[in-house]
Amino acid sequence: MKKLVIEVSDELRQAWPQFRGAAVFASVKNSAYSEALWKRIEEYTALYRAKYTTDSIKEMPAIQATRLAYKQCGKDPSRYRPSSEALCRRLLRGIPLYQIDTLVDLINLASIYSGHSIGGFDLDKIEGEKLVLGIGKAGEPYEGIGRGKLNIEGMPVYRDEVGGVGTPTSDNERTKITSETHHLLTIMNAYSGEEGLDDSVQYLVDLLKEFAEAESVEVIRFE
């Protein structure tokens with residue numbers, strides 16, 4: 001399985017020094033649909049709707065911190081919502097989650113559980129041996145999954161040697177997960193810092209093992 005170095009750029013670190021990241025590498029088996037996973041999602045959805053409202057999620061530390069980081073980097077988080085907030089709002093408006101495939105579906109569940117935006121990538125599609133988290137530039141080309149061209153100026157962005165592959169709002173079409181994905185990279189972006197991160201990463205790893213037959217799992221922390 002491919003090895004990657006993941007770094008945080010000085011510009012991002014200066015803009016938001018609280019950031020902590022956790023990358024999970026794994027060999028996986030994707031599937032179009034998992035009945036057992038969706039039962040888990042539906043159970044968690046019921047609990048989540050009983051606990052939160054669309055107003056109260058703004059105060060969740062992980063979501064609040066991501067919104068503040070967007071503003072600090074130069075992006076309006078209400079116009080370009082981080083994916084974790086968008087998923088949570090969808091649930092609380094009574095709308096079911098999108099059903100994409102097992103890997104994407106479980107990553108979405110882990111994102112709701114943690115409040116962190118989680119990037120999901122086909123590791124074999126990443127170019128080069130390094131990802132760097134920086135801030136998007138004016139006019140920088142980026143094609144969000146299902147969104148077309150996305151204006152990532154002022155948005156945190158991971159770049160490989162070709163260009164951007166992931167932001168908290170949307171990952172890139174170029175490196176997206178498909179039915180043919182066998183080597184997975186997920187990145188949990190903790191703009192709120194260290195608190196609760198270990199638990200959230202373990203929750204994601206457990207989902208990968210239970211529903212995607214994950215093997216050779218490796219977790220790398222970075223900041």
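The values are calculated or read from the model by the stated rules, or taken from the named source; none is laboratory data. Keep in mind the model is a prediction, meaning the values are calculated, not measured. Every residue, glycine among them, receives a Cβ derived from its backbone with ideal geometry; neighbour counts consider all protein chains shown. Accessible surface is based on the protein model in full, side chains and every heavy atom, while ligands, DNA and RNA are left aside. Shrake-Rupley method; radii C 1.70, N 1.55, O 1.52, S 1.80 Å.
Test V132 against the criterion of being open to solvent by 20 Å² or more (accessible area, probe 1.4 Å) and hydrophobic (A, V, I, L, M, F, W, C), and give yes or no. Yes.
Being open to solvent by 50 Å² or more (accessible area, probe 1.4 Å), on the phi < 0 side of the Ramachandran plot and part of a helix (DSSP H, G or I) holds for only one residue in K58, K137, and it is K58. Among the conditions (1) open to solvent by less than 80 Å² (accessible area, probe 1.4 Å); (2) touching a helix residue (DSSP H, G or I) at 6+ places or on another chain (Cβ under 8 Å); (3) on the phi < 0 side of the Ramachandran plot, the only one that G115 does not satisfy is (3). Being open to solvent by 60 Å² or more (accessible area, probe 1.4 Å), within 26 Å of E59 (Cβ to Cβ) and without any contact (Cβ under 8 Å) to a residue 40 or more places away in the chain, is that true of even one residue in the stretch 201-209? Yes, that holds for at least one residue.
The rows are residues; the columns are (1) open to solvent by less than 70 Å² (accessible area, probe 1.4 Å); (2) part of a loop (DSSP other than H, G, I, E, B).
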| position | (1), (2) |
| --- | --- |
| P141 | no, yes |
| G146 | no, yes |
| I152 | yes, yes |
| V157 | yes, no |
| V162 | no, yes |
| T178 | yes, yes |
| T181 | yes, yes |
| I187 | yes, no |
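Close contacts from the stretch 106-129, counting a first residue that is without any contact (Cβ under 8 Å) to a residue 60 or more places away in the chain and farther than 17 Å from D199 by Cα and a second that is open to solvent by less than 10 Å² (accessible area, probe 1.4 Å) and outside any strand (DSSP E or B), with Cβ to Cβ under 6 Å and a gap of 6+ residues or different chains, come to K125/T175. Going residue by residue through the stretch 68-91, is there one that turns out to be among the aliphatic types (A, V, I, L, M), modelled with pLDDT of 95 or more and over 18 Å from the mean Cα position of the chain (by Cα)? There is no residue in the stretch 68-91 that is among the aliphatic types (A, V, I, L, M), modelled with pLDDT of 95 or more and over 18 Å from the mean Cα position of the chain (by Cα).
Does A65 satisfy the criteria of being touching a Ser or Thr at 6+ places or on another chain (Cβ under 6 Å), assigned to a helix (DSSP H, G or I), of a type outside the set (D, E, K, R) and open to solvent by less than 30 Å² (accessible area, probe 1.4 Å)? In short, yes. Scanning the stretch 33-55 for residues that are open to solvent by less than 40 Å² (accessible area, probe 1.4 Å) and either within 22 Å of E195 (Cα to Cα) or assigned to a loop (DSSP other than H, G, I, E, B) (or both) returns S34, Y48.
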